[in-house]
Amino acid sequence: MDKNEFKNLIKDAYYAPEPEKKKEFISRFRPRKVSTFRMLLQQIPYIRPYVWILAAAIVGIAIAGSVTGGEGTDKLVALIMPFTAAVGILENGRSRRYNMSELEMATRFSLRSVVIARMTIMGFLSVILTAIVSPVIAESFGMQAVITAETVLMPYLMTMIISLHIERSPLGRENGASSIVAAGAVMLLFLLIWESESGNVLYSSFISGGCGVAAVIILGALTLTEQWLTVRNVEAFA
Amino acid sequence: MDLETIYDKIYRYVYFRVNDRMMAEDITQEAFFRYLGKYGDSGSMDIRYMYAIARNLCIDEYRRIKPESLSEEMEEIPGDSGISEEKMAVREALEKLPYEDRELLLLRYVNEEPAGTICKALGISRFALYRRLKAAEERLRAELEA
């Protein structure tokens, strides 16, 4: 028996019935290239309205405070920022907790990529918020934009770190509102610091001494680490 | 490689593993979706990864359902009454081979995959592939001559 004959015999021996759903599947399965930007755009409508409302409210407060000359607008915005972080975490949690309700997306993208996309959107949102709010407040109250940005970002980043950490724990997985509690705790902490005379003095010297930039960088790095750990923990597919 | 060819190859491979047409089709289609989810759509599909995904899906299915033996399925081939003695002998000889040998022979001679694809799909070296393939062929020839 020569090699070709041998091969043909093996081919014939492996019987497989004709697939019935092949044509239907192939006609339906039209893979299209989806760019990262397009995927992000596709995810935006799935983010709940309260996230956008909160973001708009922060910008609104900053502008209103700047126009009316309201004292402590920067701190008010900073105290609300943890809740932007919290709703962002809630959004990620929703995708993971319910194994992504948007089933139509499940057929195209992995759960992990959807979580990353939403984290990216929320990250961009916070950057845009800071970029809008900080100069507006700084300009109106004669502050340095960097210091305003630090004041706004620190509570936000702290909430992100704590919430992401809790989200990965059994407590966080079972309790959807854990990030809101974390946001409340951070808000309370900063409120206590700013309300107490010695705390306020200490905070002002800390932030104006250049330590604020270092703190934001460290907190930013920790946030990225927590995000990476969270993404790593997400199963690739729902 | 067009979509239909990939579908046929993966389906044949999955069918060999699960021995159930419906299940083989479901797993094949799931493999396509998983591939897209993991690697995105870059225009052409890499069948090496498709094999690996299909293989893992089959393993998951094994864990859920105990598979029927290949020999049972081979005896139930429809319209097989006019099959030549030679083909029948090959089928019987194949049944006596270890599972890994049959998998290799399917990938190499039925699906006609190049060595690189099989190595990637099975996670073995090129050297190991040729050695195992040669051994599988020798075992099959020995069974046929017995």
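I need the calculated FRET efficiency for the pair A:Trp52 and A:Ile217, taking r as the beta carbon distance and R₀ as 30 Å, to the nearest 0.05.
0.60
Taking a ≥ b ≥ c as the square roots of the Cα gyration tensor eigenvalues, with a/c under 1.5 meaning rounded and otherwise prolate when a/b beats b/c, else oblate, which class fits segment A:3-69?
Since a/c reaches 1.5 and a/b is larger than b/c, the shape of segment A:3-69 is classed as prolate.
Past the 31 Å Cα-Cα mark, which pairs from A:Lys3/B:Lys9; A:Lys3/B:Lys96; B:Lys38/B:Lys87; B:Lys38/B:Lys96?
B:Lys38/B:Lys87; B:Lys38/B:Lys96
Counting Lys +1, Arg +1, Asp -1, Glu -1, what net charge surrounds A:Leu188 among other residues with beta carbon under 14 Å of its beta carbon?
Value of the local net charge: 0.
Take the Cα radius of gyration of segment B:1-68 and divide it by 2.2 N^0.38 Å, with N its residue count; two decimals is plenty.
For segment B:1-68, the normalised Cα radius of gyration comes out at 1.05.
For A:Ser205 and A:Arg28 in one chain, what is 0.36 nm times their gap in residues minus the Cα-Cα distance, to one decimal in nm?
Length difference between fully extended and current span is 57.4 nm.
Taking all protein chains together and a probe of 1.4 Å, list B:Phe33, A:Phe37 from the most accessible to the least accessible. Please list the in-between numbers first.
On the way: B:Phe33 60, A:Phe37 145 Å².
Result, largest first: A:Phe37, B:Phe33.
What number do you get for segment B:82-146 when its Cα radius of gyration is normalised by 2.2 N^0.38 Å, N = residues?
Taking the Cα Rg and dividing by 2.2 N^0.38 Å, one obtains 1.17.
Please report, in debye to the nearest 20, how large the charge dipole of segment A:36-227 is about its Cα centre when each Lys and Arg carries +1 at its beta carbon and each Asp and Glu carries -1 there.
Value, rounded to 20: 820 debye.
Net charge near A:Gly142: determine it from the other residues with C-beta under 13 Å of the C-beta of A:Gly142, scoring Lys and Arg +1 and Asp and Glu -1.
-3
Evaluate the distance, in nm, between pseudo-label points positioned 7 Å from the Cα of B:Glu100 and of A:Val127 along their respective Cα→Cβ axes.
Each label point lies 7 Å from its Cα, and together they span 5.0 nm.
Using just the alpha carbons, could you tell me how many Å³ per residue the convex hull of segment A:157-228 encloses?
68 Å³
Which of the listed residues, B:Leu133, B:Ala115, B:Leu144, is farthest toward the dipole's positive end in segment B:82-146, when Lys, Arg count +1 and Asp, Glu count -1 at the beta-carbon?
B:Ala115
What number comes out for the charge environment of B:Pro114, summing +1 per Lys or Arg and -1 per Asp or Glu over other residues with Cβ under 14 Å away?
Computed value for this residue: +2.
Only four residue types carry charge here, +1 at the Cβ of Lys and Arg and -1 at the Cβ of Asp and Glu. Report the dipole size of segment B:1-68 about the Cα centre in Debye, rounded to the nearest 20.
Magnitude of the dipole: close to 360 debye.
With a Förster radius of 41 Å, plug the Cβ-Cβ distance of B:Met22 and B:Ala115 into 1/(1 + (r/R0)^6) and report the FRET value to the nearest 0.05. Working shown, then result.
Working: r = 32 Å, r/R0 = 0.78.
Efficiency at R0 = 41 Å is approximately 0.80.
The values are calculated or read from the model by the stated rules, or taken from the named source; none is laboratory data. Just so it is clear, the model here is predicted, and its values are computed rather than measured. Cβ sites come from the backbone with ideal geometry, for glycine too, and all protein chains shown count toward neighbours. These area figures cover heavy atoms from the full protein model, side chains too; ligands, DNA and RNA do not enter into them. Shrake-Rupley method; radii C 1.70, N 1.55, O 1.52, S 1.80 Å.
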